[in-house]
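Engineer: Sharing a structure, written as structure tokens. Questions coming.
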Amino acid sequence: MEIDKAVRESDDQRLKNKYNNAIYVIRRALALYSIEEVAFSFNGGKDSTVLLHLLRAGYYLHKEEKSCASVGLVDHFEFPIRTIYFETPSTFTEINSFTYETASTYGLQMDIIRLDFKSGLEALLKANPIKAVFLGVRIGDPTAVGQEQFSPSSPGWPSFMRVNPILDWSYRDVWAFLLTCKVQYCSLYDQGYTSIGSIHDTVPNDLLCIQDSKDDKRSFKPAYLLPDGRLERAGRAKKFSANPMKSPVISNGDIKTVDIHHNSLHTASVIAVGDEILSGIVEDKVGHSLCRKLCSIGWAVARMSVVRNDIDSVAEEVERCKGKSDMVFVYGGVGPLHSDVTVSGVAKAFGVRTAPDEEFEEYLRHLIGEKCTGDRNEMAQLPEGITELLHHEKLPTPLIKCLNVIILAATNITELDVQWDCLTELTRSSGLLSSIEPFVSKRLAMNISDVKAAQPLSKLPLEFPDIYIRCYRESRNGPLIVCLEGKDQARIEVAAEALSKKFEPGVLDINQQS
């Protein structure tokens, strides 16, 4: 079989792994269902073109195993799997032409359906004993959420098994397969289209545009030259908010909008993940340093917590914090170990699953070599549809941002210093972590018991609601330290003067003010 031969002779180990996994899924399905009970949904796009040739290879490898026939004798054949094509008036003419040419070339048994997808499928399944449908769905597609390689149809739909052999394939994998196997694909992909929908919502991807400065003409590079597969759907029409307080960010292939807050007070939550911290084996110095850094740029830390290395524990805490704070910082539990569950916990908090991110995987491969094969690399699985990678030349791998949650990989203060500097630089233009009016503070030492200090101190917050008033003792017999913190130095001085007037002379130790 020419497809199987082309892949196996390739030097692309990642492609081989993806191919082997897809073929396994196909052969598994063909073992579970008879050829009359399966169908293939073909739409002329790149993903279904890949699936067509995988099915050709998978079917004949399956047939070879059963008949013990030589693979070389079955290079030319009529494709026996029923093929469904939904044709609509909004389909590109190039897609239609390619589909019918492909059907002729490979002898596809085409069922042309001109109804909507659901109605057409109901009619087809009613007339035929189809129990499973092969689909070219990949993670990152809008319809992929919640699906596995074998997934029953959704409630309210006709009953059948959805079989998704390329569910874990990336944009890069798709093009690696098509180019390696040298198969025909729709000509639109050579004209800058990277994800094709209808004629009403699809345009060439501007990221592939070549502008001719002489005559102002635009041309486009082919789709396989798109450097970042997460931008595959950038050629699909998007509706952006007219609100100037929102700006676009790229998240796993889609452009989304996030709010940029300009409130006078920004709040942050800090979450440490680690059983070693809870058991007292390790002292959490990262959290202490992070809180100081946030306060230094005028952010108030609303909550700081430590949770176990457990997906549910991380998810519950992130869920608790993400709606109450402008930003949430999570650190610890990031890596390849069984206890590194932070990324999965964040995904669960947002109600999404983790999906392969080819760009992040390339960074990991650069660090650890070909041991990072892709299909088995859990570190390259990031929260689906909400992830933005923050790149900086000083970082070996990008920082991971999931909407308003930042996942830090720092394990010590030195690493935190580097990541913090990069983060503040990267987010300065967007305002997401911009430095605002910094906090100023004043400490006063009082030689008085808590009981005597309580009543006068309780009146101060009513007089100065804009000032944080914190009280603590560094030792049981030491002075009571009152820390006044706010945004206005003059107000701090006025509050300190007001506090001193509430006590007899000598109670407030002027010499310990700072």
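The values are calculated or read from the model by the stated rules, or taken from the named source; none is laboratory data. Note that this is a predicted model, so its numbers are computed, not measured. Note that each Cβ is placed from the backbone with ideal geometry, even for glycine, and that neighbours are counted across all protein chains shown.
Engineer: Can you tell me which residue among GLU9, GLU64, GLU36 is modelled with pLDDT under 90, charged (D, E, K, R) and surrounded by fewer than 22 Cβ atoms within 10 Å (Cβ to Cβ)?
Structural biologist: Selected residue: GLU64, the only one of GLU9, GLU64, GLU36 that is modelled with pLDDT under 90, charged (D, E, K, R) and surrounded by fewer than 22 Cβ atoms within 10 Å (Cβ to Cβ).
Engineer: I need a count of the residues in the range 288-302 that are within 28 Å of the chain's Cα centre (by Cα) and touching a residue at least 24 places away in the same chain (Cβ under 8 Å).
Structural biologist: 9
Engineer: What are the residue pairs meeting all of these: first residue in the range 394-411, first residue in the same structural domain as VAL273 (by TED's automatic domain parsing), second residue at pLDDT 90 or above and among the small types (Gly, Ala, Ser), Cβ atoms under 8 Å, and 6 or more apart or on different chains?
Structural biologist: THR397/ALA409; LEU399/ALA409; CYS402/ALA347; ASN404/SER325; VAL405/ALA349; THR411/GLY332
For every residue, the table says whether it meets (1) modelled with pLDDT under 85; (2) among the β-branched types (Val, Ile, Thr); (3) in a loop (DSSP other than H, G, I, E, B).
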position	(1), (2), (3)
ASP375	yes, no, yes
MET379	yes, no, no
LEU382	no, no, no
GLU393	no, no, yes
LYS401	no, no, no
ILE407	no, yes, no
ALA410	no, no, yes
LEU416	no, no, no
GLN419	no, no, no
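Engineer: Further question: Restricted to the range 307-329, and to residues that are touching a Ser or Thr at 6+ places or on another chain (Cβ under 6 Å) and assigned to a strand (DSSP E or B), which residue is nearest to ALA349 (Cα to Cα)?
Structural biologist: Once the filter is applied, the top-ranked residue is VAL328.
Engineer: Of all residues in the range 7-27, how many are without any contact (Cβ under 8 Å) to a residue 12 or more places away in the chain and in a helix (DSSP H, G or I)?
Structural biologist: 4
Engineer: Further question: Within the range 170-196, which residues are outside any helix (DSSP H, G or I) and at pLDDT 90 or above?
Structural biologist: Once the filter is applied, which keeps residues that are outside any helix (DSSP H, G or I) and at pLDDT 90 or above, the range 170-196 yields LYS182, VAL183, GLN184, TYR185, CYS186, GLY192, TYR193, THR194, SER195, ILE196.
Engineer: Restricting the first residue to the range 209-228 and requiring it to be assigned to a loop (DSSP other than H, G, I, E, B), which pairs with a second residue that is small (Gly, Ala, Ser) meet a Cβ separation below 7 Å and a spacing of at least six or different chains?
Structural biologist: Hits for this filter: LYS221/GLY192.
Engineer: For the range 153-165, which residues satisfy the criterion of being surrounded by 13 or more Cβ atoms within 10 Å (Cβ to Cβ) and without any contact (Cβ under 8 Å) to a residue 12 or more places away in the chain?
Structural biologist: SER153
Engineer: Shifting gears a bit: With respect to SER305, determine if the residue is hydroxyl-bearing (Ser, Thr, Tyr), in contact (Cβ under 8 Å) with a residue 24 or more places away in the chain, surrounded by 19 or more Cβ atoms within 10 Å (Cβ to Cβ) and touching a Lys or Arg at 6+ places or on another chain (Cβ under 9 Å).
Structural biologist: In short, no.
Engineer: Inspect the range 308-326 for any residue being at pLDDT 90 or above, of a type in the set (A, V, I, L, M, F, W, C) and surrounded by fewer than 19 Cβ atoms within 10 Å (Cβ to Cβ) and give the result as yes or no.
Structural biologist: yes
Engineer: Restricting to the range 111-129, give me the number of residues that are at pLDDT below 85, exposed (fewer than 13 other Cβ atoms within 10 Å of the Cβ) and assigned to a loop (DSSP other than H, G, I, E, B).
Structural biologist: 2
Engineer: Here's something else I'd like to know. Please specify each residue of the range 453-490 satisfying the condition of being of a type in the set (D, E, K, R) and out of contact with any strand residue (DSSP E or B) (no Cβ under 9 Å at 6 or more places or on another chain).
Structural biologist: LYS459, GLU463, ARG476
Engineer: To continue, here is another question. Can you give me the number of residues within the range 294-306 that are farther than 30 Å from GLY351 by Cβ and in contact with a helix residue (DSSP H, G or I) (Cβ under 8 Å, 6 or more places away or on another chain)?
Structural biologist: Within the range 294-306, residues that are farther than 30 Å from GLY351 by Cβ and in contact with a helix residue (DSSP H, G or I) (Cβ under 8 Å, 6 or more places away or on another chain) number 1.
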